[in-house]
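Colleague: Below is one structure. I have some questions about it.
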Amino acid sequence: GEDVEQSLFLSVREGDSSVINCTYTDSSSTYLYWYKQEPGAGLQLLTYIFSNMDMKQDQRLTVLLNKKDKHLSLRIADTQTGDSAIYFCAESAQSGNTPLVFGKGTRLSVIA
Amino acid sequence: GAVVSQHPSWVICKSGTSVKIECRSLDFQATTMFWYRQFPKQSLMLMATSNEGSKATYEQGVEKDKFLINHASLTLSTLTVTSAHPEDSSFYICSADPAGQPSYEQFFGPGTRLTVL
């Protein structure tokens, strides 16, 4: 079945950039997502990218997609302490009526 | 934006009792809702796909008689954990897919934390 892999931990200093990486196995992935989860809370969609795109930028967030290598990354510029959370990479094969396959999540710790 | 609510947000129950968790789409209709389970410090695992007006589709390893899903309307799906045991303690999250239109986004509820004593 589909698999999504992420590194489990990342620690950065406040003001630096954070890069969270993700790899996936399903070559038919159509949509790739980044979700943020704060302690005890639900999921917040941060951004998404279609598989026919290479890059997407949204304010401090930059998503890079290498479809050939099935590699997705999320860069957070000027990381703040409020960015400390768990970040989940997820993919789905098609739009609508399809569940997401999640990675295990990367715990980002921002050091002041 | 579209809002999905879950009720209750947390529940503590005794072993052997049943617990019902509701997932509602507040401002849109959802023919399909998904139920996920998240263990501490782990990822979300899909439990089942809930389709309005039909039986739910369960993932391999998920006991359908233990986790009863009912999707009685286009805005409500319920998950009932029957005869709960401590190993059922987890964070349960639902998501809803807007009906009738292709959508890149599923909308997630805030989750329900179940603790079984």
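Colleague: Given the Cα-Cα distance of residue A:58 and residue A:38 and 0.36 nm per residue of separation, how much length would full extension add, in nm?
Modeller: 5.2 nm
Colleague: Something else about it: So, R0 is 30 Å and r is the distance between the beta-carbons of residue B:83 and residue B:9; what FRET efficiency does that work out to, to 0.05?
Modeller: 0.85
Colleague: Going down the list A:68/B:41; A:70/B:55; B:41/B:66, which pairs span over 27 Å between their C-alpha atoms?
Modeller: Too far apart for the 27 Å limit: A:68/B:41; A:70/B:55.
Colleague: Follow-up question, since we're still on this one. Rank these for me by crowding, A:36, B:41, going from fewest to most other beta carbons within 10 Å.
Modeller: Placing the least packed residue first, the sequence is B:41, A:36.
Colleague: Enumerate the aspartates and glutamates that residue A:36 could reach by cross-link, defined here as Cα to Cα under 12 Å, with residues fewer than 8 away along the same chain left out.
Modeller: A:83
Colleague: Let me ask something additional. Ranking B:80, B:32 by Cβ neighbours within 10 Å, fewest first, what do you get?
Modeller: Ranked by crowding around the Cβ, least crowded first: B:80, B:32.
Colleague: Next question, about the same structure. Considering the Cα trace of the stretch B:18-117, what is its radius of gyration and what is Dmax, both in angstroms?
Modeller: Looking at the stretch B:18-117, its Cα Rg and Dmax stand at 13.0, 42 Å.
Colleague: In debye, nearest 20, what is the charge dipole magnitude of chain B about its Cα centre with +1 on Lys and Arg Cβ and -1 on Asp and Glu Cβ, if you could check?
Modeller: Here the size comes out at about 300 debye.
Colleague: Now a separate question. Suppose every K and R has +1 on its Cβ and every D and E has -1 on its Cβ; what is the size of the dipole of chain A about the Cα centre, in Debye to the nearest 20?
Modeller: 60
Colleague: Filter the GluC sites (Glu not before Pro) in the stretch B:33-111 to those in DSSP coil with at most 10 other Cβ atoms within 10 Å of their Cβ, and list the result.
Modeller: Qualifying residues, ordered by number: B:63.
Colleague: Here is a further query. Remind me, relative contact order of chain A in percent, using alpha carbon pairs under 8 angstrom and six or more residues apart?
Modeller: After rounding, I find 38 percent.
Colleague: In whole Å, largest first, what are the principal axis extents of the Cα atoms in the stretch A:1-105?
Modeller: Sorted largest first, the three principal extents are 37, 29, 21 Å.
Colleague: Under a plain spin-label model, where a point goes 7 Å from the Cα along Cα-to-Cβ, how far apart in nm are residue B:65 and residue A:68?
Modeller: For the pair residue B:65/residue A:68, the computed spacing is 5.3 nm.
Colleague: Within 10 Å of each residue's Cβ, count the other Cβ atoms and sort B:10, A:34, B:35 from fewest upward.
Modeller: B:10, A:34, B:35
Colleague: Excluding residues on the same chain fewer than 8 positions from residue B:20, give the aspartates and glutamates whose Cα lies under 12 Å from its Cα.
Modeller: Correct list for residue B:20: empty, as no aspartates and glutamates qualify.
Colleague: Quick query: amide H of residue A:93 versus all other amide H atoms, modeled in the peptide plane; which residues come in under 5 Å with a sequence gap of 5 or more or a different chain?
Modeller: Residues meeting the criterion, in which the H sits 1.01 Å from N, are A:30.
Every number in this text was worked out from the coordinates using simple rules, so none of it is lab data. Quantities reported herein were computed from a predicted structural model and do not represent experimental measurements. Backbone-built Cβ (ideal geometry, glycine too); neighbour counts: all protein chains shown.
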